[in-house]
Amino acid sequence: MSDTIKLIYNGEEHEFPVVTGSQNEKGIDIKKLRGTTGLVTLDPGFKNTGSTTSGITFLNGEQGVLRYRGYPIEQLAENASFTEVSYLLLYGELPNKEQLADFDRDLTMHTLVHEDIRNFFLAYPSKSHPMGQLLSIVSSLSTFYPESLDPNRSNEARQLTMIRLLSKFPTIVSWIHKKSVGHPIVYPKNNLDYVSNFLNMTFGQVTDDAEVDPVIASAINKLLILHGDHEQNCSTSTVKIVGSSHANLYASVSAGIAALWGPLHGGANQAVLEMLENIKNDGGNVDKWLDKAKDKNDPFRLMGFGHRVYKNFDPRATIIKKSADEVLEKLGVNDPVLEIAKKLEMAALNDDYFKSRKLFPNVDFYSGIIYRAIGFPVEMFTVLFALGRLPGWIAQWKEMRDLKTPIGRPRQIYTGETERQFVPLAQRK
Ligand code: ACO
């Protein structure tokens, strides 16, 4: 088979190489397109555009396959710890015992957050959204670690920034939660693992000894792994485009948090729960809400449904749905919205509108039900997504810098006015 593609334009023939990935994915390398033809490509939303080669995450949307560094998501979610998966995403291999112990120790040593950051909470309005707080605090870390602003610092120094961010993130998230409920913050404890420490800081009290329910720890561990990375999605691409200007890691990740916040991306987990609550309070008539979602004059969309790349099923949603049943049963929680979610899913999967457009439940459809059963307020759901996605953002940022990727700067096709002459104000109609 040919490994080049021919383009005939204005009677001239141009040849471009076809790049083949390790899973036989193919793309046209158009680096020389503009130079040789004067043309650019036009692809709003980047539906057909590969922005990079990457060795981190493979997904096949038609077959519902997701692998981190070659390992199937199902195996990782079932068997690994979140820090093991973070190591895998960052460094390319599963750690051996010693490497994992070193990595966990490094993460434990940097969990404290500068005390001055507590003052931020005096300024935020009491009902401000946790994502707004998270993105500003993460970006502010750059002011506490000004050395991170140097894009040419040593690998060791860059590594320290990555560890700091991974370590402090759960502490920051727990502070945001504590402040929202008016409780004193709980400091990290070095004898707890990453997930248990996070849960103790979030739900523990300064008055009590640390005690973490293993059912909850295991559920959160799994959810964080499932969110760990998802190749060049909206927030990851944002992290990378910001980082491509050699902005520091804290600023880059903060931009990714902003992108994740939108209801079409990570913000969907909050939107799903709110939608299910609305359906419940409206009498539980799922057909009525399906009709709304299908009505092109109604802005309502079925939240937690559809995906840019998954066109058969989202393997993460399959795992989370099973996990939601298990976790609710183990915790003895009976949440009526789980029943509504299942009814809605069944009705949508049998509906021609959703079938013909290949719209299936995505990762956000069932995750909120687990978060709620554990005790997280709905506004915290997207923050939990960010906590899980953090190692992926960092790994992709690191890979981009290692590949010496040029600054991200798309072209456009200009459709505005052509040149015209300035008219003084007094003469304008
Ligand atoms: N409800 C109703 N109709 C939908 C939905 C939905 N959830 N999703 C897509 N459609 C329809 C669109 O209206 C469009 O119909 P048309 O062909 O008649 O115009 C068709 O399906 C294709 O949809 P697009 O919006 O073009 O698909 P795109 O790939 O751009 O968007 C997205 C994907 C943003 C995820 C979309 O499916 C959506 O808005 N879903 C709801 C929000 C959501 O759950 N987001 C989380 C995604 S997972 C994640 O980011 C972690």
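The values are calculated or read from the model by the stated rules, or taken from the named source; none is laboratory data. Quick caveat, the model's predicted, so the values are computed rather than measured. Using ideal geometry, Cβ is built from the backbone for each residue, glycine included, and neighbour counts are taken over all protein chains shown.
Things to note:
- Residues satisfying the stated conditions in segment 186-206, i.e. of a type outside the set (A, V, I, L, M) and in a loop (DSSP other than H, G, I, E, B): Y187, P188, K189, N190, N191, D193, G204, Q205
- In segment 318-340 there is no residue matching the filter, namely being within 13 Å of the ligand (Cβ to nearest atom), touching a helix residue (DSSP H, G or I) at 6+ places or on another chain (Cβ under 7 Å) and not β-branched (V, I, T).
- Condition met for V65 (touching a Gly at 6+ places or on another chain (Cβ under 6 Å) and at pLDDT 95 or above): no
- Residue in segment 109-130 that is within 30 Å of D314 (Cα to Cα), touching a residue at least 24 places away in the same chain (Cβ under 8 Å) and not aromatic (F, W, Y) present: yes
- Restricting segment 27-74 to residues that are acidic (D, E) and within 16 Å of the ligand (Cβ to nearest atom) leaves a set whose member that is nearest to K240 (Cα to Cα) is D43.
- Subset of segment 268-297 that is out of contact with any helix residue (DSSP H, G or I) (no Cβ under 9 Å at 6 or more places or on another chain) and either of a type outside the set (G, A, S) or in a helix (DSSP H, G or I) (or both) - its residue that is farthest from the ligand (Cβ to nearest atom): N281
- Identity of the residue in segment 219-249, assigned to a helix (DSSP H, G or I), over 11 Å from W397 (Cα atoms) and not hydrophobic (A, V, I, L, M, F, W, C), that ends up nearest to the chain's Cα centre (by Cα): S235
- Taken over segment 305-325, the residue count meeting the criterion of being free of Cβ contacts under 8 Å to residues at least 24 places away in the same chain and not basic (K, R) is 1.
- Checked against the criterion of being in contact with a strand residue (DSSP E or B) (Cβ under 7 Å, 6 or more places away or on another chain), modelled with pLDDT of 95 or more and crowded, with 23+ Cβ neighbours inside 10 Å, the candidates G243, G228 yield just one match: G228.
- Helices (runs of 4 or more DSSP H) (entirely within segment 82-143) containing at least 3 residues that are within 25 Å of the chain's Cα centre (by Cα): 82-91, 97-109
- Scanning segment 170-211 for residues that are among the β-branched types (V, I, T) and surrounded by fewer than 19 Cβ atoms within 10 Å (Cβ to Cβ) turns up V181, I185, V206, T207.
- Matching residues in segment 56-108 - criterion: being free of Cβ contacts under 8 Å to residues at least 40 places away in the same chain and crowded, with 22+ Cβ neighbours inside 10 Å: Y87, L88
- All positions within segment 1-25 that are aliphatic (A, V, I, L, M) and surrounded by 13 or more Cβ atoms within 10 Å (Cβ to Cβ): I5, L7, V18, V19
- Flag for V383 being crowded, with 22+ Cβ neighbours inside 10 Å, in a helix (DSSP H, G or I) and away from the ligand (no atom under 16 Å from the Cβ): no
- Filtering segment 10-26 to residues that are among the acidic types (D, E) and assigned to a strand (DSSP E or B) leaves E12, E13, E15.
- Contacts under 8 angstrom Cβ, first residue in segment 334-362 being within 15 Å of D291 (Cβ to Cβ), partner within 13 Å of the ligand (Cβ to nearest atom) and basic (K, R), 6 or more apart: D351/K294; Y353/K294
- Count of residues meeting criterion [closer than 24 Å to L66 by Cβ, of a type outside the set (S, T, N, Q) and not in a helix (DSSP H, G or I)] in segment 356-375: 6
- On inspection, F381 fails the criterion of being over 22 Å from the mean Cα position of the chain (by Cα), within 28 Å of T57 (Cβ to Cβ) and in contact (Cβ under 8 Å) with a residue 24 or more places away in the chain.
- Residues in segment 352-367 that are near the ligand (Cβ under 7 Å from one of its atoms), closer than 28 Å to D335 by Cα and out of contact with any helix residue (DSSP H, G or I) (no Cβ under 6 Å at 6 or more places or on another chain): L359 only.
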